[in-house]
Amino acid sequence: MRAELIAWTAAVLIITYLAWKTVSPLITPIFFGIVLAYAAYPIHRRLSGRIGRKKSAAALTVGTVGLGGAVTFELLLISVKVASSFYDSIVEFFDWLMSQPLPPEVLAFLERFSDQLIPRVSEYISHETLSLPLYILQLLVFLLTFYYSLAYAEEISKQIHLSLPRKNRELGERILESLNKTLGALVRAWLVLNVIKGVLMTLGFLIFGVSDLYTAIVAGFLTFLFSFIPLFEGWMIWLIAAAYFAMNGAYFHAAGIALYGFFLVSPMPDYTIRPMMVAKDTDLDETLVFIGMIGGTWAMGVKGLIIGPIVLNLLLVLLKEWKRVISGREPLRRRSQAPSKPAPHPGG
């Protein structure tokens with residue numbers, strides 16, 4: 001019996017390990033597919049009443065493909081241009097630096113440093129360019145996760161509730177409620193803040209005279225889209241505008257649009273207003289939400305922006321449950337430790 005238990009335990013551990021190694025490269029697209037499905041579920045629920053669940057999920061997936069494809073193509077073009085310009089700038093910078101009247105020791109150090117840095121930068125850019133098939137695979141996994149999460153949302157919800165243990169079902173329901181509340185607050189804060197950032201960028205382009213109304217609206221729309229991508233965010237747009245002014249010698253306008261974008265568009269609102277919005281909807285402290293966002297991103301990458309605050313909120317739920325259990329036991333301990341009263345004298 002003991003040998004059989006050991007064999008089954010080893011088999012389960014091996015299968016679990018192999019399953020994790022299989023799924024781990026695709027955790028990020030799966031995670032964001034589920035999060036986007038959660039955000040689109042209210043729309044899906046309305047559409048499914050008219051055209052059916054699967055048709056509604058398919059329609060939303062096709063819409064996501066259209067919008068996501070356009071944005072991905074635009075980001076790819078921008079990334080290629082930025083990477084090429086970055087590489088050329090590094091080469092030009094070191095060529096200029098080597099032409100300066102510096103001591104021989106410094107020149108020798110810079111030459112060795114550039115001989116190591118420039119090939120590595122070129123190798124990194126080439127690696128990222130050749131990684132396009134991996135990105136396409138991740139996009140396919142993301143879309144499939146998005147579709148099936150919407151199409152079978154009711155079944156998934158039922159299975160989650162059925163899997164709750166009977167003994168601590170109340171605690172499990174509170175954890176699910178906290179998860180739903182925190183994730184909903186994060187999604188709402190993300191959407192509302194990104195819309196505001198897009199409007200502010202449009203106004204900034206008009207106030208500082210960067211472009212005409214049409215281009216300003218396009219800049220605001222791109223800011224809205226890029227704000228969903230933590231690596232890009234909205235700072236790319238105002239940085240391009242500031243660089244345009246600086247290249248034309250309008251340094252006052254460049255500083256103005258840079259300060260305007262930094263404090264009102266990105267990154268300052270991401271670390272001040274967004275934690276406040278999430279904290280207000282989840283009854284959490286702003287500092288706790290901020291720590292969850294920063295620490296989660298540091299530990300888990302992009303998905304940590306969402307996972308971090310959720311984990312801290314679930315930790316608070318568990319701590320409150322632990323405190324409730326402990327406080328429920330304390331009166332029993334006090335009663336057991338209390339000295340018993342002397343029995344009345346029979347003749348008293």
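Computed quantities for the displayed model
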item	result
Chain lengthening between LEU203 and ASP285 when straightened (0.36 nm per residue, less Cα-Cα)	26.3 nm
Heavy-atom SASA rank of LEU284, LEU47 (probe 1.4 Å, accessible area, largest first)	LEU47, LEU284
Cross-link partners of LYS303 among lysines (Cα-Cα below 30 Å; sequence separation of 8 or more within a chain)	LYS21, LYS54, LYS55, LYS81, LYS158, LYS181, LYS197, LYS280, LYS320
Using a Förster distance of 45 Å, the FRET efficiency for GLU177-SER211 (Cβ separation, nearest 0.05)	0.45
Heavy-atom accessible area ranking, 1.4 Å probe, most first, across TRP235, TRP96	TRP96, TRP235
J(HN,Hα) series, the stretch 259-266, from Karplus relation 6.51 cos²θ - 1.76 cosθ + 1.60, nearest Hz, glycine and proline x	5, 4, x, 5, 8, 10, 10, 6
VAL195, VAL210, reordered so the largest accessible area comes first (probe 1.4 Å)	VAL195, VAL210
Net length gained if the chain between LEU134 and LEU67 were fully extended (0.36 nm per residue, minus Cα distance)	22.1 nm
14 Å beta-carbon shell around HIS161, net charge (K/R +1, D/E -1)	-1
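The values are calculated or read from the model by the stated rules, or taken from the named source; none is laboratory data. Given the structure is predicted, the values throughout are model-derived calculations rather than measurements. Ideal geometry is used to build each Cβ from the backbone, glycine not excepted, and the neighbour counts take in all protein chains shown. The accessibility values were calculated without ligands, DNA or RNA, using every heavy atom of the protein model including side chains. Shrake-Rupley method; radii C 1.70, N 1.55, O 1.52, S 1.80 Å.
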